[in-house]
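Novice: Sharing a structure with you now.
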Amino acid sequence: MTDATAATGAPAQARRPFASLLTLDEHTKRRNATEARFKAYGLAAVLAGLFFLVVLFVSIISNGIPAFTRMVVELDFTLTQAQFDEAESQLLKTGAYQGYFVEGFDKALEERGVEVEYDAAVLDRLIGKVGGIMREFYAANPDKIGEEVVFELPTSSRVDGYFNGRLKREDVSDSRFLEASDLDLADELYEAGIIKSDFNWTFITGADSGVDNPGGAGIGASVVGSFFMMIVVLALSLPIGVATSIYLEEFAPKNWFTDLIEVNISNLAAVPSIVFGILGLAVFIQFAGLPQSAPLVGGLVLTLMTLPTIIISTRASLKAVPPSIRDAALGVGASKMQSVFHHVLPLAMPGILTGTIIGLAQALGETAPLLLIGMVGFVARGYPDSFLTGFTEANSAMPAQIYTWAARADASFYEKAWGGIIVLLLFLMTMNIIAIILRRRFERRW
Amino acid sequence: MKTMLTEADNTVATVPAAGPRDTKIKARKVQVYYGDTHAIKDVDVDLEDKAVTAFIGPSGCGKSTFLRCLNRMNDTIDVARVEGEITIDDEDIYDKKVDPVQLRAKVGMVFQKPNPFPKSIYDNVAYGPRIHGLAKSKADLDVIVEKSLRRGAIWDEVKDRLTAPGTGLSGGQQQRLCIARAVATEPEVLLMDEPCSALDPIATAKVEELIDELRESYTIVIVTHSMQQAARVSQRTAMFHLGELVEFGDTKEIFTNPTEKRTQDYITGRFG
Ligand SMILES: Nc1ncnc2c1ncn2[C@@H]1O[C@H](COP(=O)(O)OP(=O)(O)OP(=O)(O)O)[C@@H](O)[C@H]1O
Ligand SMILES: [Mg+2]
C-alpha cells in the first residue's frame, strides 16, 4: 500500500509510455513474423516429405501389383479311365497326356465358338509342356479320373508380360520361345475367356524357381526364412539387450571401464552391416562350423546388429523413469533388484518394446550381411521339413530374395522384385502397428 | 494464524518435559560431501526413542541431506560421500555388514516431493507389506492397507477408489498417501521430509495428530519450515545452518530461550 502511494506521488518518468493492447507494437510484430516464417518452413518440409512418400508408394505399388496377378489358361477337362490306362502303358507317357490336352483344348475352342487354325507347337510356347503337370495331377489324385476338372495353367512369362504391358508386340523377335504370330492366338483366347487374369498364389506361397522360370517364382520360402531369423533375433537380442541395459544403467559402477563399454556400444550401432556379415562368416561359419545359408546364422549376425539399437533405446527409456520412483521403492525397503523389476522396468516397458520392434524391423530389412553368409535368393528352393530344421536348412530371407530377383536378366523377375518389396513393406508396417499398440497399452498416465 | 499460534503454545505446554529417555540414533562427527561441496559439517546429535525431533533451518542448509544419512539414501547418489559414525540402537549403520535394504525397512521415509508409485492406491500402500511379507493373506493385507490409509488421514477420501492410480490424486493427497505407504511397513524410525508442505491446514492437523500418535511407538524425525509446526509436534529441535548443527535441545527451550543468536533470528523470521 505504501509503495503504491509513493509511486503516485513520484514523477511519472519511471513509468512506461502508454501502449494500447489493441494495436501490435514493433517488437510483437517482428516476433509474430518470425513465428509465421518458422511454421511455413516446417509445413514445407512436411509437405516435401509427404510428396516423396507418395511418389515412393505409387511407384512401388504400380510396379509391384503385376507380380500378384498372372495370366492363366483355364480349361475344363475330363480324363477317362481308358485314356489313363492307355497313357500309362505308353512309352512317352507325358506325350500322351499332352495329346489329350490338345484334344480337350480343341473342344473348349469349339464350345466357345472360336475358329482359329493353330499349330500344337504354339500351345507349347504359350503355356509350356503341360503333359507333365497333368500326369502328376492324376497320379496324385486318381479319384479325379472320369470327373471334370478345371485346370488353371500359367502362361509363359513372355505371354504374361504381353498381357500386362511389359512386352510390346513389335519388340517380339521370333525365337523358339515366342513368335509374334502366337500372340494372335493369345488375343483370341483372351477374348474367348480361355486366357484370363488370376491372383498369383504361387507368388505368395512359392519358392525361388530358378532363372528360367519366373512364372513359378514366389516369396513364401524366403518369408519363412525371415521368420526363423526373426525368432533367433528376438530370442537372443531382447533378453541380452535388456539385461545389459539394466545392468549398465542401474547396477554398474560409474568408472572408466563402464564408460568405455558405453562408448563402444554407441559405436557398434554405427558399424556398417556388411561388417557384421563378414564377421558372421568368419566366426559362425568358418570357425564355429555352423551350416552355411542357415537362418540360424543369419539370426545370429542380425542379433549382433540389433543389440546396440535395443541397448541404446532401453537405456534411454530406463533413464527417463524419474529417480523419485526409485527413491520411493528404496525408501519402503525394496532392494535395488525389486525397485528395478517392480517399478522401473514396467515404466520403461513401452520404450523398450518400441526400441526392440524398431531393431527387429531394421533386421528384417537387412540384406548385405545375409549375402555374405550365403543366404542369397536362389537358395530358397522350398520349405523346411520341420520347425527345427527351419533354423538350419539353407534358406534365404525376403530382402536377399528381392535383391537376387532384381539382379536377374528376365524382365519379369524385375516385377517380382517390386512385388517382394510390397510384401516386405506389409510386414514392416504390421510390426510398426504392433509397436504402436503395445506402446499405447503399456503407457501409464502420470 | 493467531489461534493456531495459541494452540501451538498449548501443545508445547502439554508435552511432558524431556526427561532422560533412551537414545535411538546417535550421530558423531558426521560429514557429507557432494563431490567437493561439504554439505554437512561435524554434526553430533542424539535422537531420542519415542520422541519427535524437528530439524529446522533455512533452505539449502542440509536438513534433507542429514535426514538421508539416517537411512543411507545418500548411497544412491554417486557423488555423495558420508563420513563419521551413525548408530541406531548402538549398531553402526555404515558398518560393512549392514545391508541398507534391511536398514530401510527399519527406518521409513516420507520424501520432500510426493512420489507415489504409478500404481493403484491400494498397491501403493500394500507394496511395502508385500515385499516384507507382513501379511499372511489378502484379508490381512486389506486390514493393513485400511489402517495405514487411516493413519495417513486419507482413508475417507480414497476408500471408494482404491483401484484408482495413486498419481491421479492431488498433491496433498499424494503426500498423505506416501505417509500411509511409509507407516504400512511398521518402521521403528520414521523420517519425514517436510511432510506437510503441500497440505492444507486441515490435513496438516491430521498429519500432526498422526505424528503425535506414532510417537508412542516410533522415533520420528521431521523436517519442517513451519516454526509453529516444529513447536506443536516436536519434543526436541535441531537447528541447522550452512551444514552445521547450530543448536540442539528441548523444543520448548529453543523456542523460548535460544542460546544462539542465529537460532533466535531464524525463529523470529529475521533471516532465512
Ligand atoms: N544430489 C546432490 N548433488 C549435489 N549437491 C547436492 C545434492 N543434494 C543437495 N545438494 C546440496 O547440499 C546442500 C544441502 O541440501 P539439502 O537438500 O540437504 O538442503 P535442505 O536443508 O533440505 O533444503 P530445503 O529446505 O530447501 O529442502 C545444498 O547446498 C545443495 O545444493
Ligand atoms: Mg530438503
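The values are calculated or read from the model by the stated rules, or taken from the named source; none is laboratory data. These numbers were taken from a predicted model, which means no experiment stands behind them. Don't worry about glycine lacking a Cβ; one is built from the backbone with ideal geometry, like all the others, and counts go over all protein chains shown.
Novice: Listed residues A:186, A:207; which is of a type in the set (A, V, I, L, M), crowded, with 17+ Cβ neighbours inside 10 Å, modelled with pLDDT of 80 or more and touching a Leu at 6+ places or on another chain (Cβ under 8 Å)? Quick ask: steps written out before the conclusion?
Specialist: On the way: A:207 fails: touching a Leu at 6+ places or on another chain (Cβ under 8 Å).
The unique qualifying residue is A:186.
Novice: Can you pull out every residue in segment B:213-241 that is under 22 Å from residue B:32 (Cβ atoms) and in contact with a strand residue (DSSP E or B) (Cβ under 8 Å, 6 or more places away or on another chain)?
Specialist: If the condition is that a residue be under 22 Å from residue B:32 (Cβ atoms) and in contact with a strand residue (DSSP E or B) (Cβ under 8 Å, 6 or more places away or on another chain), then B:219, B:220, B:221, B:222, B:223, B:224, B:225, B:236, B:237, B:238, B:239, B:240 are the ones that fit.
Novice: If you take the residues in segment B:59-78 that are within 11 Å of ligand 2 (Cβ to nearest atom) and over 16 Å from the mean Cα position of the chain (by Cα), which one is farthest from residue B:93 (Cα to Cα)?
Specialist: For segment B:59-78, the residue satisfying everything is B:59.
Novice: Next question. Being of a type in the set (A, V, I, L, M, F, W, C) and either facing chain B (nearest Cβ under 7 Å) or buried (at least 23 other Cβ atoms within 10 Å of the Cβ) (or both) is the filter here; which residues of segment A:317-338 pass it? Reasoning before the result, please.
Specialist: Going residue by residue through segment A:317-338, those that are of a type in the set (A, V, I, L, M, F, W, C) are A:318, A:320-321, A:325, A:328-330, A:332, A:334, A:337.
The answer is A:325, A:328, A:329, A:330, A:332, A:334.
Novice: Related question: Keeping to segment A:79-102, report how many residues are assigned to a helix (DSSP H, G or I) and over 44 Å from the mean Cα position of the chain (by Cα). It would help to see each step written out before you state the result.
Specialist: Applying the first criterion (assigned to a helix (DSSP H, G or I)) to segment A:79-102 yields A:81-89, A:93-102.
Applying the additional criterion that residues be over 44 Å from the mean Cα position of the chain (by Cα) yields A:81-89.
Within segment A:79-102, residues that are assigned to a helix (DSSP H, G or I) and over 44 Å from the mean Cα position of the chain (by Cα) number 9.
Novice: Can you tell me which residue within segment B:79-92, out of those that are touching a Lys or Arg at 6+ places or on another chain (Cβ under 9 Å) and among the β-branched types (Val, Ile, Thr), is farthest from ligand 2 (Cβ to nearest atom)?
Specialist: Per the stated criteria, the residue is B:87.
Novice: A follow-up question, please. Just one of A:114, A:122 is assigned to a loop (DSSP other than H, G, I, E, B) and touching a residue at least 24 places away in the same chain (Cβ under 8 Å); which is it?
Specialist: A:114
Novice: Next question, about the same structure. Restricted to segment B:183-198, and to residues that are over 9 Å from the mean Cα position of the chain (by Cα) and more than 16 Å from ligand 1 (Cβ to nearest atom), which residue is nearest to the other protein chains (Cβ to nearest Cβ)?
Specialist: Ranking the qualifying residues of segment B:183-198, first place goes to B:185.
For (1) free of Cβ contacts under 8 Å to residues at least 40 places away in the same chain; (2) assigned to a helix (DSSP H, G or I), each residue gets a yes or a no:
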position	(1), (2)
A:329	yes, yes
A:333	yes, no
A:342	yes, yes
A:359	no, yes
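Novice: Please go through segment A:392-412 and give me each residue that is more than 14 Å from residue A:367 (Cα to Cα), out of contact with any Lys or Arg (no Cβ under 9 Å at 6 or more places or on another chain) and crowded, with 21+ Cβ neighbours inside 10 Å, ordered by number.
Specialist: A:393
Novice: Name the residue, out of A:189, A:153, A:178, A:185, that is outside the structural domain of residue A:323 (by TED's automatic domain parsing) and without any contact (Cβ under 8 Å) to a residue 60 or more places away in the chain.
Specialist: A:178
Novice: A further question on this structure: Are there any pairs, at least 6 apart or on different chains, whose C-beta atoms fall under 8 Å, with the first in segment B:58-80 and more than 20 Å from residue B:197 (Cβ to Cβ) and part of a helix (DSSP H, G or I) and the second within 7 Å of ligand 1 (Cβ to nearest atom) and aliphatic (A, V, I, L, M), and if so, which?
Specialist: B:74/B:80
Novice: Here is a follow-up. List the pairs whose first member sits in segment B:110-122 and is facing another protein chain (nearest Cβ under 10 Å) and in contact (Cβ under 8 Å) with a residue 24 or more places away in the chain, whose second member is more than 15 Å from ligand 1 (Cβ to nearest atom) and part of a loop (DSSP other than H, G, I, E, B), and whose Cβ atoms are under 6 Å apart, counting only residues at least 6 apart or on separate chains?
Specialist: Filtered contacts from segment B:110-122: B:118/A:444.
Novice: Which one of A:168, A:107 is free of Cβ contacts under 8 Å to residues at least 60 places away in the same chain, more than 20 Å from residue A:217 (Cβ to Cβ) and under 36 Å from the mean Cα position of the chain (by Cα)?
Specialist: After applying the criteria, what remains is A:168.
Novice: Go through (1) in contact with a Gly (Cβ under 7 Å, 6 or more places away or on another chain); (2) part of a helix (DSSP H, G or I) for residue A:132 and report which single condition fails.
Specialist: With (1) in contact with a Gly (Cβ under 7 Å, 6 or more places away or on another chain); (2) part of a helix (DSSP H, G or I) applied to residue A:132, the lone miss is (1).
Novice: Please work out if residue B:252 is more than 30 Å from residue B:147 (Cβ to Cβ) and either part of a loop (DSSP other than H, G, I, E, B) or among the charged types (D, E, K, R) (or both).
Specialist: Numbers: more than 30 Å from residue B:147 (Cβ to Cβ): yes; either part of a loop (DSSP other than H, G, I, E, B) or among the charged types (D, E, K, R) (or both): yes.
It is true that residue B:252 is more than 30 Å from residue B:147 (Cβ to Cβ) and either part of a loop (DSSP other than H, G, I, E, B) or among the charged types (D, E, K, R) (or both).
Novice: Shifting gears a bit: Conditions first: (1) within 18 Å of the chain's Cα centre (by Cα); (2) within 13 Å of ligand 2 (Cβ to nearest atom); (3) surrounded by 16 or more Cβ atoms within 10 Å (Cβ to Cβ); (4) not polar (S, T, N, Q). Residue B:39 passes all but one, so which condition is the exception?
Specialist: So the condition that residue B:39 fails would be (1).
Novice: On the given criteria, is residue B:64 of a type in the set (Ser, Thr, Tyr), within 16 Å of ligand 1 (Cβ to nearest atom), within 14 Å of chain A (Cβ to nearest Cβ) and under 12 Å from residue B:240 (Cβ atoms)?
Specialist: Spelling it out, residue B:64 is indeed of a type in the set (Ser, Thr, Tyr), within 16 Å of ligand 1 (Cβ to nearest atom), within 14 Å of chain A (Cβ to nearest Cβ) and under 12 Å from residue B:240 (Cβ atoms).
Novice: May I ask you to verify whether residue A:159 is assigned by TED's automatic domain parsing to the domain that holds residue A:71, within 34 Å of the chain's Cα centre (by Cα) and β-branched (Val, Ile, Thr)? Steps first, answer last, please.
Specialist: Working: assigned by TED's automatic domain parsing to the domain that holds residue A:71: yes; within 34 Å of the chain's Cα centre (by Cα): yes; β-branched (Val, Ile, Thr): yes.
In short, yes.
Novice: While we're here: With B:93, B:144, B:131, B:179 as the choices, which residue is within 19 Å of residue A:326 (Cα to Cα), at pLDDT 90 or above and more than 11 Å from chain A (Cβ to nearest Cβ)?
Specialist: None of the others qualify; the one that does is B:179.
Novice: Mind checking whether some residue in segment B:213-223 is more than 16 Å from ligand 2 (Cβ to nearest atom) and in a helix (DSSP H, G or I)? Write out each step before concluding.
Specialist: Of the residues in segment B:213-223, the ones more than 16 Å from ligand 2 (Cβ to nearest atom) are B:213-220.
Remaining after also requiring in a helix (DSSP H, G or I): B:213-214.
Among the residues of segment B:213-223, at least one is more than 16 Å from ligand 2 (Cβ to nearest atom) and in a helix (DSSP H, G or I), which makes the answer yes.
Novice: Among the candidates B:110, B:145, B:125, single out the residue that is within 16 Å of ligand 2 (Cβ to nearest atom) and buried (at least 21 other Cβ atoms within 10 Å of the Cβ).
Specialist: Criteria check complete, one pass: B:110.
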